[in-house]
Amino acid sequence: MTSAKPEVSPLVAAQHRAMPFTRLTDCGMDPADARRLLTDTATGTPWQEAAAALADEQLSRAGRARDEGHLVTARQAYRFASAALMFAQMACQSDTDEKRELYTRHTAVTAALAPDLERVEILHRAGTLTGWLCLPASGAARATVIVWGGLSGWGAAYLPVARAYTARGLACVLAEGPGQGESRLRHGLYVDERVTEGFARFVDFAEADTRLRGPIGIQGISFGGLFAAHLAAADPRVAAVVVNGAPAVPAVPEFRTAREQMAAVVGTDDPDRVAEVMDALRFDPDKHRVSCPLLLLHGGLDPLARYADQEPFLRAAGHPTSALRVWADGEHTLYNHAAERDALTGDWFTDRLARRHSTPKG
């Protein structure tokens, strides 16, 4: 006989829906840790407490490995700890002191992965945009891809994506744009009607770094795909764009946790102001035309972005090589096809950026 699964509270059930095993591992958690996190939270341990405890165990493992001279093992453990802390802070929808502390810990742990990545800090308005730069082993890039997330997963959550790109000779900037990561939690930069100006600052950064030769592509994941499409339509420096799991017409969502996340990225509890910003960010394919190659990714089982929600991006694409890729059984942002997805986008960016003739900088 098999034992019945424990009944869980509505909060825990919502956390398990938002952060399933496939998402946890897609964003870099140790699979054993991911299973334990889901088990421990199902049996009563608060999500952030369980995730932070797993991070602590990985940090102890990293320290032992480092002291014994096993640096590859230490870096692996730091990556697992970074991912665990990323998911720990996701349990806090609003910008509480606890969320800020967990994200500060996540940032510090991620910084321990140097020299595999470098911290990025870019002045913008009255604050600072943050992120991470990952270079290929050669130290010089054939082209650069800037990647960002959406409402809850940012920056180093996409280190597995960056590894797929650097393996192909591409540099990858993991951006924490307005409303995301430390750009929001520490520096007070939020999403507003001019949010694309903030993401464009990462293009400025890539242009200014002499190691980042070649064209620049961008990739927006989940809600961040909306920002990527807007930037590709507005900025001729963008040479290729991937949109993955984004709504073209953002609306205040029905799920409470998603509503709270949206309010947090806008920086207000005023629902009218949140709705005002979302209305200003509607992507209209008749007004917003994308002239560079666009790749639209869609999961047939995505509950947050139906195909009809994403199809306007494809209608806005004017380049003849623009394409759609659908996984019929794909979850949101294709968590359950992570390896194939990253190989596909890595090859797609390579074909459209690194193999395209360009004039070297400097």
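The values are calculated or read from the model by the stated rules, or taken from the named source; none is laboratory data. All figures in this text were calculated on a predicted structure; none of them were measured in a lab. No Cβ is skipped: glycine too gets one built from the backbone with ideal geometry, and neighbour counts run over all protein chains shown. Ligands, DNA and RNA are stripped out before the accessible areas are found, and what is left, the full protein with its side chains, is counted by its heavy atoms. Shrake-Rupley method; radii C 1.70, N 1.55, O 1.52, S 1.80 Å.
Descriptive notes on the structure:
- Test: residue in the range 72-90 that is at pLDDT 95 or above, open to solvent by 80 Å² or more (accessible area, probe 1.4 Å) and within 26 Å of L151 (Cα to Cα): no
- In the range 272-282, residue nearest to G245 (Cα to Cα) [restricted to those that are in contact (Cβ under 8 Å) with a residue 40 or more places away in the chain and open to solvent by less than 10 Å² (accessible area, probe 1.4 Å)]: L281
- Number of the exception - E176 against (1) crowded, with 24+ Cβ neighbours inside 10 Å; (2) farther than 28 Å from T96 by Cα; (3) not aromatic (F, W, Y): (2)
- S94 of a type in the set (G, A, S), out of contact with any strand residue (DSSP E or B) (no Cβ under 6 Å at 6 or more places or on another chain) and at pLDDT below 95: yes
- Within the span defined as the range 105-113, one or more residues are touching a strand residue (DSSP E or B) at 6+ places or on another chain (Cβ under 8 Å) and of a type in the set (A, V, I, L, M, F, W, C).
- Checking the range 285-298 against the condition returns no match, with no residue being in contact (Cβ under 8 Å) with a residue 40 or more places away in the chain, open to solvent by less than 10 Å² (accessible area, probe 1.4 Å) and part of a helix (DSSP H, G or I).
- Qualifying residues in the range 1-59 (those that are at negative phi, part of a loop (DSSP other than H, G, I, E, B) and modelled with pLDDT of 95 or more) - the one most open to solvent (accessible area, probe 1.4 Å): T43
- From G153, G149, residue being closer than 20 Å to V238 by Cβ, in contact (Cβ under 8 Å) with a residue 12 or more places away in the chain and open to solvent by less than 10 Å² (accessible area, probe 1.4 Å): G149
- A246 outside any helix (DSSP H, G or I), at pLDDT 95 or above and small (G, A, S): yes
- In the range 179-197, the residues that are among the acidic types (D, E) and open to solvent by 20 Å² or more (accessible area, probe 1.4 Å): D192, E193, E197
- In this entry, R306 passes the filter for residues that are of a type outside the set (V, I, T), surrounded by fewer than 18 Cβ atoms within 10 Å (Cβ to Cβ), touching a His at 6+ places or on another chain (Cβ under 9 Å) and under 23 Å from E254 (Cα atoms).
- Long-range neighbours under 7 Å by Cβ, at least six apart or interchain, first residue free of Cβ contacts under 8 Å to residues at least 60 places away in the same chain and over 12 Å from L59 (Cβ atoms) within the range 73-96, second assigned to a loop (DSSP other than H, G, I, E, B) and small (G, A, S): none
- Residue that is nearest to S183 (Cα to Cα), among those in the range 198-229 that are surrounded by fewer than 24 Cβ atoms within 10 Å (Cβ to Cβ) and touching a Gly at 6+ places or on another chain (Cβ under 9 Å): R201
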